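The structure under discussion appears below in the form of structure tokens.
The values are calculated or read from the model by the stated rules, or taken from the named source; none is laboratory data. Source: prediction; values computed, not measured. Cβ placement follows ideal geometry from the backbone for every residue including glycine, while neighbour counts extend to all protein chains displayed. Surface areas here come from the heavy atoms of the whole protein model, side chains and all, with no ligands, DNA or RNA. Shrake-Rupley method; radii C 1.70, N 1.55, O 1.52, S 1.80 Å.
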Amino acid sequence: MRKNLYRLIKFTKRSKLSMLVLLLSGVIAAVCSLLSPVFIGKAIDSLVLGNVNFSKLWHYCKVLLLLYLLNAFFEWLLTQSANRVGYSTAETLRLEGFKKLHTLPISKIDSIPHGDFTARIIIDAQSVSQGIVQGLPKLVTGGVTIVGTMISMAIVSLPAALTVLVLTPLSVLVARKITLASHTSYAKQATAQGDFTGLVQERIRGRNIITAFHAQKTNLEDFKKFNESLTKTTYTAQLYGALVNPITRFVNHIVYVAVGFVGAMLALNNLLSIGQISSLLFYTNQYTKPFNEISGVVHQLQSASAALDRIFMLLDRNDEEPDDANAQENLPAIGEVRFKDVSFSYTKTKPLIEDFSCEISPGEKIAIVGPTGAGKTTVVNLLMRFYDVDNGDIKIDGNSIYRIKKQSLRSLFAMVLQESWVFTDTIRNNIAFAKPDASDEEIINAAKKAHAHDFIIRLPEGYDTVLSEQTALSEGQIQLICIARVLLNNPPILILDEATSSVDTRTEMLVNKAFDEMMKGKTSFIIAHRLSTIESADKILVMNQGKVIEQGNHKALMDKKGFYYDMYMSQYAV
């Protein structure tokens with residue numbers, strides 16, 4: 001926990017000035033509070049019966065008024081500075097968390113619910129911010145107040161100061177014990193919150209499927225289970241947090257009574273004046289106030305600490321393996337691809353691809369088919385180094401992909417996936433995603449080739465229409481925009497993973513014609529379940545259980561009457 005707090009300081013560098021103002025205003029506000037009891041005591045001593053010194057009384061009242069005004073101003077400045085530090089720190093944490101997603105291996109991202117990433121970047125960063133906003137001012141003023149009060153009390157009465165010093169560890173030990181016990185509960189609460197966020201995002205995204213399968217009851221039961229788990233962990237965490245304040249206050253009341261008793265004994269022996277006793281009691285209140293305030297926000301501090309743990313766990317995840325020191329970049333691509341004795345498994349206990357070898361000539365149109373789980377998409381993931389092979393090698397134009405810089409390697413490809421992806425922005429910017437400097441003419445030509453231009457210009461805002469959940473476009477139209485994006489990028493190697501699965505038959509025919517034109521002279525990988533879409537492929541790789549069991553063109557495979565023939569006939573035989 002302490003290590004994380006030291007580490008958090010690095011994320012406050014953008015707020016150096018605000019942090020400096022926070023510290024100075026906290027010290028000045030605390031000093032004003034420390035001076036007030038001195039003048040309160042002097043004012044009381046000037047009220048001696050029968051001999052009231054109005055001149056001194058008025059002077060002390062003016063000094064007190066000035067101290068209270070200064071205290072109020074610097075308390076306000078302290079709060080504003082804490083807000084700036086807290087919100088700026090949260091902004092930095094969110095930025096670093098989002099940047100981390102771009103450097104993590106795809107395998108790591110695939111292994112964690114995406115809702116949990118959302119919770120760490122947004123909710124946990126906000127919890128840290130609230131911990132800073134509410135806790136930091138109290139820690140600064142509290143530290144100065146505790147030290148200053150002890151010194152001031154010692155100047156007025158050493159016995160009274162020693163009384164407070166002896167009883168203070170009792171309050172600290174009680175608070176520390178409860179705080180340590182509560183940290184685990186707050187960590188469980190943060191984890192449950194992340195899981196709950198992931199569930200809600202997942203189920204909202206799949207709302208249509210849930211309704212179609214009449215799974216509302218099961219969905220609600222899952223929600224209740226996660227909701228109850230979050231409620232239970234939150235209640236336990238808050239229970240621990242709520243214990244600190246009343247117990248600390250009880251101990252502080254004992255300290256107050258003890259100081260009053262010691263002061264009374266000293267006054268009876270003419271060692272203290274009534275004004276000095278009043279000052280000591282004020283100092284006792286000031287001394288115990290930081291403990292009460294900090295214990296009052298301990299649940300927020302514990303929540304912030306647990307959230308900080310989760311954020312740093314994300315930031316500490318290993319990035320993608322760095323490129324080889326001798327890795328090449330900006331290589332001219334011809335398009336020859338060779339898999340040699342490749343083996344791979346997502347989990348070591350379940351081998352997926354074993355001894356996979358294949359040679360693909362430049363400009364060939366390669367189709368990869370096979371049953372679900374055969375390893376079709378995995379081959380593409382290995383080719384782009386989203387995952388690394390366990391054994392064997394993959395070469396492009398004779399160069400091992402492990403000797404090419406990842407950025408250069410991936411720039412050779414463009415992908416159109418089965419699940420279309422667009423972001424909330426104009427259609428123009430969505431098409432130009434990989435080529436931001438593209439001209440309007442290039443964007444329109446790409447849309448025309450993808451047969452998206454006609455429906456785009458019929459929209460009220462045309463290419464300036466903002467895509468969102470409320471945009472009245474079909475899945476097929478969204479997919480055509482994604483296809484236009486690839487056509488604009490014009491890479492040397494294409495990967496089409498069920499790229500036309502969301503378009504109707506007529507549109508599919510038009511898009512396939514555009515693809516045929518685009519793929520001339522380029523190496524293309526097409527993953528398809530509808531075998532009618534890949535009949536024109538130069539080579540068809542038939543995969544089953546991670547191995548290529550047949551390969552050849554459509555006619556040769558049909559004449560062979562093997563696995564491919566059975567698959568084809570099962571789809572189209574009457």
Can you tell me the orientation of helix 216-268 relative to the chain, as the angle in degrees between its alpha-carbon axis and the longest Cα principal axis, to the nearest 10? 20 degrees
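Scale the Cα Rg of region 248-355 by the rule-of-thumb value 2.2 N^0.38 Å and send over the ratio, two decimals.
Compared with the compact-globule rule of thumb, region 248-355 sits at 2.64.
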Provide, as a two-decimal number, the C-alpha radius of gyration of region 87-179 over 2.2 N^0.38 Å, N being how many residues it has. 1.77
Whose amide H sits under 5 Å from the amide H of Leu352, counting only residues 5 or more places off or on another chain, with H placed in the peptide plane? Phe344, Ser345, Tyr346
Largest-first ordering by accessible area, 1.4 Å probe, given options Tyr6, Tyr568, Tyr346: Tyr6, Tyr346, Tyr568
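For region 51-134, rounded, prolate or oblate, judged on the Cα gyration tensor with a ≥ b ≥ c (square roots of eigenvalues), a/c < 1.5 rounded, else prolate if a/b > b/c?
Taking the square roots of the gyration eigenvalues as a ≥ b ≥ c, region 51-134 is prolate.
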Using only Cα atoms, find the angle between the long axis of helix 125-156 and the longest principal axis of the chain, and express it within 0 to 90 degrees, rounded to the nearest 10. 20 degrees
According to the square roots a ≥ b ≥ c of the eigenvalues of the Cα gyration tensor, what is the shape class of region 27-77, taking rounded for a/c under 1.5, prolate for a/b larger than b/c otherwise, and oblate for the remainder? prolate
Rule-of-thumb Rg ratio for region 297-399 [Cα; 2.2 N^0.38 Å; N residues]: 1.58
Kirkwood Rh over alpha-carbon pairs of the chain plugged into Stokes-Einstein at 4 °C, 1.567 mPa s gives a D in µm²/s of 44 µm²/s
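Which value at 222 nm does the chain reach when only helices count, each DSSP H run of 4 or more adding -39,500 (n - 2.57), with the total divided by all residues and rounded to the nearest 500 deg cm²/dmol?
-21000 deg cm²/dmol
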Cβ-Cβ FRET estimate between Glu91 and Asp393, R0 fixed at 35 Å, reported to 0.05: 0.20
Can you list residues whose amide H is under 5 Å from Asn544's amide H, if they're 5+ apart or on another chain and H is modeled 1.01 Å from N? Ile549
Computed lengthening from Glu535 to Asn318, 0.36 nm per intervening residue step minus Cα-Cα distance: 73.8 nm
Relative contact order for the chain using alpha-carbon pairs under 8 Å, separation at least 6, rounded to a whole percent? 14 percent
Can you give me the accessible area per residue for region 86-178, using a 1.4 Å probe, in Å²? 46 Å²
Heavy-atom accessible area order for Asp388, Asp566, largest first, 1.4 Å probe: Asp566, Asp388
For Ile404, the residues 5 or more places away or on another chain with a placed amide H closer than 5 Å to its own amide H are Gln328
Cα long-axis angle, helix 563-572 against the chain (0 to 90 degrees, to the nearest 10): 90 degrees
Given a Förster radius of 60 Å and the C-beta distance between Ala325 and Ile204 as r, what FRET efficiency does 1/(1 + (r/R0)^6) yield to the nearest 0.05? 0.85
For the chain, which whole-number percentage of the solvent-accessible area (1.4 Å probe, protein heavy atoms only) is attributable to carbon and sulfur atoms? 59 percent
Once the mean of 1/r over all distinct C-alpha pairs in region 350-399 is inverted, the Kirkwood radius in Å reads 12.3 Å
Ignoring everything but the protein chains, give the 1.4 Å probe accessible area of Trp76 in square angstrom, nearest 10. 140 Å²
Calculate, for Ser343 and Lys16, the FRET efficiency according to 1/(1 + (r/R0)^6) with r their C-beta to C-beta distance and R0 56 Å; round to the nearest 0.05. 0.60
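Please return the longest range in the chain lying between exposed loop sites, taking trypsin sites (Lys or Arg not before Pro), DSSP loop only, at most 15 other beta-carbon atoms within 10 Å, and leaving the sites out. Spell out each step's value before the answer.
Working: sites that count: Arg317, Lys348, Arg458, Lys520, Arg530, Lys561.
Of all site-free stretches, the longest is 1-316.
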Phe261 accessible area, assembled protein chains, probe 1.4 Å, Å²: 130 Å²
So how exposed is Glu535, as accessible area in Å² (1.4 Å probe, rounded to 10)? 80 Å²
Based on a Kirkwood Rh over C-alpha pairs, give the Stokes-Einstein translational diffusion coefficient of region 1-124 at 20 °C and viscosity 1.002 mPa s in µm²/s. 115 µm²/s
Could you work out how far apart the two model spin labels at Lys448 and Ser408 are, taking each label as a point 7 Å from the Cα in the direction of the beta carbon, and quote it in nm? 3.6 nm
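Percent antiparallel among DSSP beta bridges with both residues in the chain, to the nearest 5?
Bridges in the chain that DSSP calls antiparallel: roughly 50 percent.
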